[in-house]
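Notes follow once the structure below has been shown.
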């Protein structure tokens, strides 16, 4: 995932312009003072209010010169109080916003906010606008400062709050941006909410910029669980197979997940998967894979049609022989001291469609507690439990995989898949 693909497109210009009318109205009306002295200090004379109002009307009509003339008229009134000066400057901010003069709007709004002549919702609205306008102007660190203040003063509009990590990201402050998003993800998880995909994509990009592989992988798993996009599962599996020491034995389990997640898209994948299943001693699985490829017209066509037919014939004969021999293999496996054979027989039953019986045998094999390939057995048990509809137990089985050969990493992806909406057995 590249940086440009991660940043959600937030357009703040429209929101800024839409705020002009309410900004002006609040500036003229002002908050009600709490005492007589404060009321006196906040008296707004008509000779100030009227030209400021007229300036707003002119600005909304696109009459820049007339708007500026009216503001000069208001500013020329003798004996302006601090409050009246703030109202005029707030009017200038409204005019600038209406005319799209963002730099002047920033300057005026900062003067008004720093004058402390407004409070409560009025003040918070201007702080919000400062964050939005600074973002609009690509002055991202300035935007960060005002957006943090917006949050600190009780601002709760999700669309505004979402600008903060984006501004940090665009200012190349990747670690603070990641920390900001992680806090939101944690809050979402605690509240049982789903973090938006766009937010998680931004977090993935932060970790990519930071070269934080663990954070990247962790967030990619979250993305795969909230979105049905196959690209997330493909990347997760690719990351696993590229790890140093990844065992060739696990490729069949990679294909099993690729099939479950609907990632198989070529004849070559189906052929390789089927061959691996035959080599592993699971011909019923190989036959099922081939038939699935044929149903999608990925197999059985073109110059390789004969080879595909031969592969199916081979798998069919092997599956027929294996089915006839399963009962004897089960009895022999139950007598064995090690549990590997019983796990393998149980998994063969699962692949032959006898899922409940197969899971039971696999659990008996694992109970012998002396397996040579315990991690592989747990990985296969997790897959079998998932197919049996025992989702929570499947997750527990995957969590028990500890192998350093890539099996633990692959089990983690399997677990994420089982817990995702895509993992319906």
Report summary line: At q = 0.08, 0.10, 0.15, 0.18 1/Å the base-10 log of I(q)/I(0) from the Debye formula over the alpha-carbon atoms of segment 235-423 is -0.25, -0.40, -0.91, -1.26
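Regarding the chain, what is the average projected area of its C-alpha convex hull, in nm²? If you can, show how the numbers build up before the last one.
Numbers: hull surface 111.9 nm².
That works out to 28.0 nm², a quarter of the Cα hull's surface.
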Report task. Along Cα→Cβ, 7 Å out, is where each label goes; now give me the distance between the ones at residue 279 and residue 321 in nm to one decimal. Result -> 1.9 nm
Query - Tilt relative to the chain, helix 305-335 - C-alpha long axis, 0 to 90 degrees, to 10 - result: 70 degrees
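Determine the equivalent ellipsoid of segment 337-384 by diagonalising the alpha-carbon gyration tensor, then write out the semi-axes as square roots of 5 times the eigenvalues, largest first, rounded to whole Å.
On the way: eigenvalues 53, 20, 12 Å².
Output for segment 337-384: semi-axes of 16, 10, 8 Å.
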**Report entry** Calculated P(r) of segment 146-279 - Cα pairs past 21 Å, %
**Finding:** 53 percent
Query raised in the report: With axes computed from alpha carbons, what is the tilt in degrees of helix 355-367 against the longest principal axis of the chain, rounded to the nearest 10 within 0 to 90?
Result: 80 degrees
Query raised in the report: Over all Cα pairs of segment 275-327, how is the pair count split among 5 Å bins, expressed in % and running from 0 up to the last occupied bin?
Result: 4, 23, 28, 23, 13, 5, 2, 1
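For the peptides 48-57, 294-303, 160-169, what is the packing order when you average, over each peptide's residues, the other Cβ atoms within 10 Å and list the highest mean first?
On the way: 48-57: 20.6, 294-303: 13.3, 160-169: 23.2.
Top of the packing list down: 160-169, 48-57, 294-303.
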Query raised in the report: Spin-label point model (7 Å from Cα, Cβ direction): what's the residue 152 to residue 197 distance in nm?
Result: 3.6 nm
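What translational D, rounded to a whole number of µm²/s, comes out for segment 315-423 from Stokes-Einstein when the hydrodynamic radius is the Kirkwood one over Cα pairs, at 37 °C and 0.692 mPa s? Can you show the working numbers first?
Details: Rh = 14.1 Å.
So the translational diffusion coefficient is about 233 µm²/s.
Under the definition of Cα pairs under 8 Å and six or more residues apart, what whole-number percent is the relative contact order of the chain?
Values: 542 pairs, mean separation 43.4, N = 425.
With pairs under 8 Å counted, the relative contact order is 10 percent.
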**Report entry** Mean Cα-pair separation over length for segment 235-423, i.e. relative contact order, pairs under 8 Å, 6 or more apart, %
**Finding:** 20 percent
Report task. Sort 176-183, 317-324, 90-97, 286-293 for me by packing, meaning the mean count of neighbouring Cβ atoms within 10 Å per residue, highest on top. Result -> 90-97, 286-293, 176-183, 317-324
Query raised in the report: In degrees between 0 and 90, to the nearest 10, how far off the longest principal axis of the chain does helix 283-295 point, with axes built from Cα atoms?
Result: 50 degrees
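Need one number: convex hull volume per residue for segment 65-125, Cα atoms only, in Å³. Don't jump to the answer; show the numbers that get you there.
Working: hull volume 4.5 nm³, N = 61.
That works out to 73 Å³ per residue.
Distances over 12 Å make up what percent of all Cα-Cα pairs in segment 180-227?
Working: 660 of 1128 pairs.
Value for segment 180-227: 59 percent of Cα pairs lie more than 12 Å apart.
Tell me, in nm to one decimal, what length is gained between residue 145 and residue 303 on full extension, where the rule is 0.36 nm per residue of separation less the Cα-Cα distance?
Values: separation 158, 0.36 × 158 = 56.88 nm, distance 6.44 nm.
Result: 50.4 nm gained on full extension.
Rule-based calculations on the coordinates, nothing more; no lab input. Bear in mind that the values here come from a model prediction, so they are computed numbers and not experimental data. Cβ: placed from backbone, ideal geometry, glycine included. Neighbour counts: every protein chain shown.
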